[in-house]
Amino acid sequence: MFVRRALALLLPVALAAAFAPPATAQPASSGALHSLRAPVTDENFYFVMADRFDNGDPGNDRGGLPDDRLISGFDPTHKGFYNGGDLKGLRNRIDYIRGLGTTSIWLTPSFKNKPVQLEDGPSAGYHGYWITDFTQIDPHLGTNADLRALVDAAHARGMKVYFDIITNHTADVIGYQQGARLPYVSKDAVPYRTASGQPFDDRDVAGGTAFPPLSPAVSFPYVPVLDDSERNLKSPAWLNDVTLYHNRGDTTFTGENSLYGDFFGLDDLFTEHPTVVRGMIDIYKTWIRDFGVDGFRIDTMKHVNDEFWQAFGPEILRYAQQQGKREFFMFGEVFDTTKSFTSQFTTRGQMQAVLDFPFQDAARTFASRGGPASNLETFFLGDDWYTDADSNVYQLPTFLGNHDMGRIGGFVQADNPDAGDAEWLARDRLAHELMYFSRGNPVIYYGDEQGFTGGTRGDQDARQTMFASRVPDYLDDDLIGTTATHAQANFVPSHPLYRTIGRLAAVTKAHPALRDGAHQHRYASGQSGVYAFSRISRDEQREYVVALNNSEQAATAAIPTYAGKGSFSRVYGDGPARVKSAPDGRLTLTVPPLSTVVYELNGRIPRSKAAPSISLAAPVPSAEARGRMQVTANVGGSSFYEVTFQARTGNGPWRSIGTDDTAPYRVFHDVTDQRPGTPVQYRAIVTDNGGHTATSQPRTATVPAPKLTVEAPAAGSSVRGTVEVRAVADPERADHVVRIERRVAGGAWTVVGTDASSPAYTAFDNLTPLNLAAGTTVEYRAVLVSGPAAGTTSETRAVRYAGPPVTVATVHYYRPAGDYTGWGLHLWGDAVDPAVLAQVAWDRPWPATRVEGGWAEYDIPLADDTRPVNFIMHLPSGDTVPTTREPGGDRSFLPIDHTEVWLKQGDPAVYTSPPPTG
């Protein structure tokens, strides 16, 4: 939903941003530019949670609060409470961090938090994401002076300090008159109202300097209230105004509510309101000015509206540079693995970078799961999504795991449960080699250098202490590359992963092209085996060949290069000290199993004598994002080239829309600021490594009509009663008006409703009066009725009418050995009868009802068959896959669609019909 919302909100700004030329030197040709290298393309980040690193001052363990864990939040025996680490501990160990080759320390949020939220476990705010005071360091972690001392110590060692910041929400302080943590109410169901009761859409005023006056009693679907003891809890004081929050209930992380809903009750700020925008800018300017922080990682970026980022990003960056922070850098958390989505925050959102979640997924698949090497070819091909006039993929921080999803060590063990430590270590090392030698800024999650694991559930399980732990769940972790446990401190520079990471940092520092040189795909096996790419220094015209082997046998590959009969020297890994390429440039390398080798060309890539030919393919709208036009240049020859793409509308000037330095040469131009039907001209200029240029003939394309999609109900699902029909537009525009239509059993189309409030277009269809028989097909479609693309119609969404509500669902579970004793279901969610939930605990799973035909069958009484049944199949207190818990994480099914599902031992799938067991 955020993608579609973003498309509409940047209309006046995006055009200027997209057509603004980057500040980079030009080759000797009008319009030809070099591929951008921003100031931050060569950082080595160390991401650390202060409470879990080292305890430098036991006197602040309780944050100055009484010795009761439900008040102070301190309990060193529990993974969900403060464990005792602090900023002094970080400063005491700063040389340990620096020894990894770290250039930047990234801290989890360190502001004062609500110590305990009883509704969440209970658990404590050790992680930093429940902020009440944005002006001071959490007393459990130290003081503002301790932060200043840490920053000074880092700067004295040539390192930077990055702050993890939050603009989306605060701690859970606001309740509702109607109750706590209530379900989300959409804007279509209950719009916002001014203090005088007039309905309005906040999107119509977001980004401006004025906002309608609001009233707690009138303006929101729920009436926000504060306990008397917490009326002035937050700082700065403006945060205590309850009308500066969305107040719409809890998010389900989908659709409109992903922007407006509370995260598990956390108070979601009204970031469309100018008071909130100005307040947040002022807060974070202070931390730059007074404490010298060097950059921000921005939490939950995709859950905040674009107008906020349009104001926040540029002003914060300008202010930091005025304070002497010429390399100040911000990157956002956009938890998604689709580049067409994540890239929009840099190409249109005016932010410098986002965390590279797609890389994490690709790296795990390659190094841990042994997936086809060709998957990496596909992955890196998508880097062109990030190329625009002022940013590209080289700025992105890359990572292998984190405090939310889990650690690379845990993934390696889970993906290879029977492998043993030697293979786990090799795969862990291979993942780090891929991260350090490929494009982007590598991020080490604290403890990964000591082989920390923690399973695959992430969150608290992946937040172990570096100092000796007393948490039982941590003490039984099997660390990689060592016999040590969490019962002892783990600051061991001799650990094989610590030494590997330090060496990777040293190699890339000695050979800068391995950090920010052009990343050119070279070779990929169609199965487990060799993936190879080049890193190329534009200035030195030096080529490095990186070859990684994710198979368990040595593999040989003939890898293309730009240097025929070139001499290459090994700079990393095991293999001959020198090798020579064939006359056609192919370099034959044998890579040991689960290993990496890197070779450097001795000398320069041969200088081109003349510019190559260049032509444009017909520009076409991208299939993944309708508002992005794919523009591809066909370049003749084989050498190092840079291609600058330009666009213009009408008789306006040609403007750069990005420069690509790796083949195939493409950009995905954002045209959402143009009306459908507008002609746009494109051309491309190629620069070779001899400084010669050539320009293509222009090609013209037309801005396409938006694409409408019915988002709900789900295709093929069952419905009854009143159905919420929701459609979205790509690209989204604030002036869209959409009509929802329905037909039954192939009959005539009937209008259900019309909606002009975005980002979702919703109508509620009451099917009860139609007296439909169970199984009747009902179809929905959305029709655009406004603007130059009026008449655009979505594909049809077909569902079936359900019969009477289901009262019992059944899970069938198969174990070949028939050993069902103890195996049961951990259950949660609104679908399940509360009487059942009252009997279920982690040590008391819901037992089998019977065993028939070799299958254990679990009957689950239901309260609401339209809600998902969430479950985990495990033994009492069992959490180890596959011995005491089945794989697949948190699984679910919808009883209204399927009253029975089938599970098989060791299989993460949830089957809706009996699967084979042979």
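The values are calculated or read from the model by the stated rules, or taken from the named source; none is laboratory data. No experiment lies behind these values; they were computed from the predicted model shown. We place every Cβ from the backbone using ideal geometry, glycine too, and count neighbours over all the protein chains shown.
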Report task. May I ask you to list the residues in region 220-232 that are under 32 Å from the mean Cα position of the chain (by Cα) and either surrounded by fewer than 19 Cβ atoms within 10 Å (Cβ to Cβ) or among the hydroxyl-bearing types (Ser, Thr, Tyr) (or both)? Result -> TYR222
Query - Filter result for ALA468 (of a type in the set (A, V, I, L, M) and farther than 30 Å from ASP384 by Cβ) - result: yes
Report task. Show the residue pairs that are 6+ apart or on different chains and have beta-carbon atoms under 7 Å apart, the first residue being within region 244-257 and touching a residue at least 12 places away in the same chain (Cβ under 8 Å) and under 21 Å from ALA206 (Cα atoms), the second being among the basic types (Lys, Arg) and not in a loop (DSSP other than H, G, I, E, B). Result -> GLY255/ARG726
Query - Residue identified as farther than 19 Å from PRO417 by Cβ, part of a loop (DSSP other than H, G, I, E, B) and in contact with a Pro (Cβ under 9 Å, 6 or more places away or on another chain) among GLY818, GLY822 - result: GLY822
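Out of everything in region 319-337 that is assigned to a loop (DSSP other than H, G, I, E, B) and free of Cβ contacts under 8 Å to residues at least 40 places away in the same chain, what residue ends up being farthest from ARG289 (Cα to Cα)? Talk me through it step by step, then tell me what you get.
As a first pass, look at region 319-337 and keep what is assigned to a loop (DSSP other than H, G, I, E, B): 323-328, 333-337.
Filter again for free of Cβ contacts under 8 Å to residues at least 40 places away in the same chain, leaving 323-325, 333-334, 336-337.
On the way: GLN323: 7, GLY324: 10, LYS325: 10, GLU333: 24, VAL334: 27, ASP336: 33, THR337: 35 Å.
Only one residue tops the list, namely THR337.
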Query raised in the report: Hey, does region 784-797 have a residue that's under 25 Å from LEU259 (Cα atoms), in contact with a strand residue (DSSP E or B) (Cβ under 7 Å, 6 or more places away or on another chain), modelled with pLDDT under 95 and not in a strand (DSSP E or B)?
Result: no
Query raised in the report: Limited to region 414-429, what total is found for residues that are exposed (fewer than 15 other Cβ atoms within 10 Å of the Cβ) and in a helix (DSSP H, G or I)?
Result: 1
Report task. Filter region 300-322 down to the residues that are polar (S, T, N, Q) and surrounded by 14 or more Cβ atoms within 10 Å (Cβ to Cβ), then identify the one that is modelled with the lowest pLDDT. Result -> GLN310
Query raised in the report: In the list ARG457, ARG499, which residue meets the criterion of being within 19 Å of ASP404 (Cα to Cα) and either among the polar types (S, T, N, Q) or surrounded by fewer than 22 Cβ atoms within 10 Å (Cβ to Cβ) (or both)?
Result: ARG457
Requested in this report: Would you mind finding the one in SER569, SER615, SER551 that is at negative phi, of a type in the set (S, T, N, Q) and part of a loop (DSSP other than H, G, I, E, B)?
Outcome: SER551
**Report entry** Complete set of residues in region 836-884 that are of a type outside the set (Ser, Thr, Tyr), touching an Asp or Glu at 6+ places or on another chain (Cβ under 6 Å) and modelled with pLDDT under 95
**Finding:** ARG867
Query raised in the report: Could you say which residue among ALA156, ALA195, ALA180 is hydrophobic (A, V, I, L, M, F, W, C), closer than 29 Å to ALA320 by Cβ, surrounded by fewer than 16 Cβ atoms within 10 Å (Cβ to Cβ) and not assigned by TED's automatic domain parsing to the domain that holds PHE764?
Result: ALA156
**Report entry** Count - residues of region 30-59 that are touching a residue at least 12 places away in the same chain (Cβ under 8 Å) and over 21 Å from TYR436 (Cβ atoms)
**Finding:** 15
Requested in this report: Would you be able to say whether some residue in region 805-822 is within 30 Å of ALA748 (Cα to Cα), buried (at least 20 other Cβ atoms within 10 Å of the Cβ), small (Gly, Ala, Ser) and touching a residue at least 12 places away in the same chain (Cβ under 8 Å)?
Outcome: no
Query raised in the report: Looking at region 21-126, what strands (runs of 3 or more DSSP E) fall wholly within it and have at least 1 residues that are of a type in the set (Ser, Thr, Tyr), touching a strand residue (DSSP E or B) at 6+ places or on another chain (Cβ under 8 Å) and surrounded by 17 or more Cβ atoms within 10 Å (Cβ to Cβ)?
Result: 45-48, 104-107
Query raised in the report: Right, ALA217: surrounded by fewer than 16 Cβ atoms within 10 Å (Cβ to Cβ) and over 28 Å from ILE281 (Cα atoms) or not?
Result: yes
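Residues checked against (1) out of contact with any Lys or Arg (no Cβ under 9 Å at 6 or more places or on another chain); (2) under 27 Å from PRO887 (Cα atoms):
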residue	(1), (2)
GLY451	yes, yes
GLY454	no, yes
ARG457	yes, yes
ALA487	no, no
VAL507	yes, no
GLN541	no, no
Query raised in the report: Taking region 338-353 as the search range and keeping residues that are within 11 Å of the chain's Cα centre (by Cα) and assigned to a helix (DSSP H, G or I), which one is farthest from VAL443 (Cα to Cα)?
Result: PHE341
**Report entry** Test result for GLY420, out of contact with any Cys (no Cβ under 8 Å at 6 or more places or on another chain) and touching a residue at least 24 places away in the same chain (Cβ under 8 Å)
**Finding:** no
Report task. Report whether or not SER534 is surrounded by fewer than 19 Cβ atoms within 10 Å (Cβ to Cβ), touching an Asp or Glu at 6+ places or on another chain (Cβ under 7 Å) and polar (S, T, N, Q). Result -> no
Report task. Have a look at PRO619, PRO583, PRO592 and point out the one that is surrounded by fewer than 16 Cβ atoms within 10 Å (Cβ to Cβ) and in contact with a Lys or Arg (Cβ under 7 Å, 6 or more places away or on another chain). Result -> PRO583
Query raised in the report: Which one of these does THR793 not meet: (1) under 32 Å from the mean Cα position of the chain (by Cα); (2) of a type in the set (S, T, N, Q); (3) closer than 25 Å to TYR911 by Cβ?
Result: (3)
Query raised in the report: Out of GLY658, GLY677, GLY716, GLY650, which single residue is at positive phi and in the same structural domain as TYR780 (by TED's automatic domain parsing)?
Result: GLY716
**Report entry** Matching residues, region 127-153, being small (Gly, Ala, Ser), crowded, with 20+ Cβ neighbours inside 10 Å and farther than 20 Å from MET330 by Cβ
**Finding:** GLY142
Query raised in the report: Could you say whether any residue in region 566-573 is of a type in the set (A, V, I, L, M, F, W, C), within 13 Å of LEU548 (Cβ to Cβ) and touching a residue at least 24 places away in the same chain (Cβ under 8 Å)?
Result: no
Report task. With the condition kept exactly as written, say whether any residue in region 245-252 is crowded, with 23+ Cβ neighbours inside 10 Å and among the basic types (Lys, Arg). Result -> yes
Query - Inter-residue pairs, beta-carbon under 8 Å, first in the same structural domain as PRO713 (by TED's automatic domain parsing) and in region 775-792, second among the charged types (D, E, K, R) and assigned to a loop (DSSP other than H, G, I, E, B), 6+ apart - result: ARG781/GLU795; SER786/ASP735; GLY787/ARG675; GLY787/ARG733; GLY787/ASP735; PRO788/ARG675
Query raised in the report: Can you spot a residue in region 465-485 that is basic (Lys, Arg), buried (at least 20 other Cβ atoms within 10 Å of the Cβ) and touching a residue at least 12 places away in the same chain (Cβ under 8 Å)?
Result: no
